[in-house]
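What follows is a set of notes on a single structure, which appears directly below.
Please treat every number below as a calculation from the coordinates, not as lab data. From a predicted model like this one, the values you see are computed outputs, not experimental measurements. Positions of Cβ are backbone-derived with ideal geometry, glycine not excepted, and every protein chain shown enters the neighbour counts.
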Amino acid sequence: MDMASENSSYESPVLVPAGALYLEGNVCIPQDGRGIVLFPYGIESEQRVDYTVKLGQLFQKAGLATLLVNLLTAEEKALDAQTGFFRENIDIMHQRIIGIANWLSEDSQTQNLRICYFGCGVTGAAVLVAAVNRPDLVVAVASASARLDLARAYLTRVENPVLLLVGEDDAQGMDANRQALEQLHGAKRLETISGAANIFEDSNTQEEVARLAIQWFDRHLGLG
């Protein structure tokens, strides 16, 4: 990654190495960025990806660098359409998240930026598993409307600070998040998004989700 020093901020598509694969992503580094948030995504609808992109923009406006990265290749997505092998495979996803975080910690443009994870749905579970396996790589985690059932076996082992986000009208999600909160032992918080059942369907929830996550990350980056 090559960043022009005269620019007030830098944004560019990147190919991130993950083992033998290269994953497509987009990195944005504001001037004086005070940390970088890794937004991984997998098998998502266009609406969900668009939501994540807009969330990233809100983080950038708040002075946080971001890396949005697709955890699956085009070939893997095509195979998943036939087999369903990848869409809930958090073993593959969390290993790739760790690989991406390693890359961020070594690349000359990002190695001085401490890393936070933001995951939604299935990747909301995968970032928790990644944190369990390499807690040293990440400062804090935010997990929004996550498939916490996929990470259930790991929750008691999470050491990093975790923010759980869920719509207050999502009864099933509320139950899952309350149970997960009880199992987490480190710094933790559950925030509900008022009037929302699915936080990905309502653009009005974006600013609240971003505000809560930015506040959480700033606190644990030592900035809030």
- Grab the other residues whose beta carbon is less than 13 angstrom from that of ILE90, score K and R as +1, D and E as -1, and report the net. +1
- Message: How large is log10 of I(q)/I(0) for region 34-129 at q = 0.17, 0.22 Å⁻¹ when the intensity is taken from the Debye formula with one equal scatterer per alpha-carbon?
- Response: -0.74, -1.15
- Note on the structure: Magnitude of the Cβ-charge dipole (Lys and Arg +1, Asp and Glu -1) of region 107-175 about the Cα centre, nearest 20 debye, reported as 300 debye
- Note on the structure: Cα convex hull volume per residue for region 148-224, in Å³, equals 86 Å³
- Message: From the helices alone, meaning DSSP H stretches of at least four residues, give me the mean residue ellipticity at 222 nm for the chain, per-run term -39500 (n - 2.57), in deg cm²/dmol to the nearest 500.
- Response: -12000 deg cm²/dmol
- How much FRET efficiency would the formula 1/(1 + (r/R0)^6) give for ASP91 and GLU168, where r is the Cβ-Cβ distance and R0 is 45 Å, rounded to 0.05? 0.90
- Order the peptides 197-206, 109-118 from the highest to the lowest mean number of other Cβ atoms within 10 Å of their residues. 109-118, 197-206
- If we count every other residue with Cβ under 12 angstrom of GLU159's Cβ, Lys/Arg +1 and Asp/Glu -1, where does the sum land? +2
- Message: Per residue, how big is the convex hull of the chain when only Cα atoms are used? Give it in Å³.
- Response: 113 Å³
- Query: If you keep only loop residues by DSSP, which chymotrypsin sites (Phe, Trp or Tyr not before Pro) in region 34-112 have at most 15 other Cβ atoms within 10 Å of their Cβ?
  - Reply: PHE85
- So, in nm, how far is label ASN198 from label GLU182 when the simple model puts each one 7 Å beyond its Cα toward the Cβ? 2.9 nm
- Item | Among beta bridges that DSSP assigns inside the chain, antiparallel share in %, nearest 5 | 35 percent
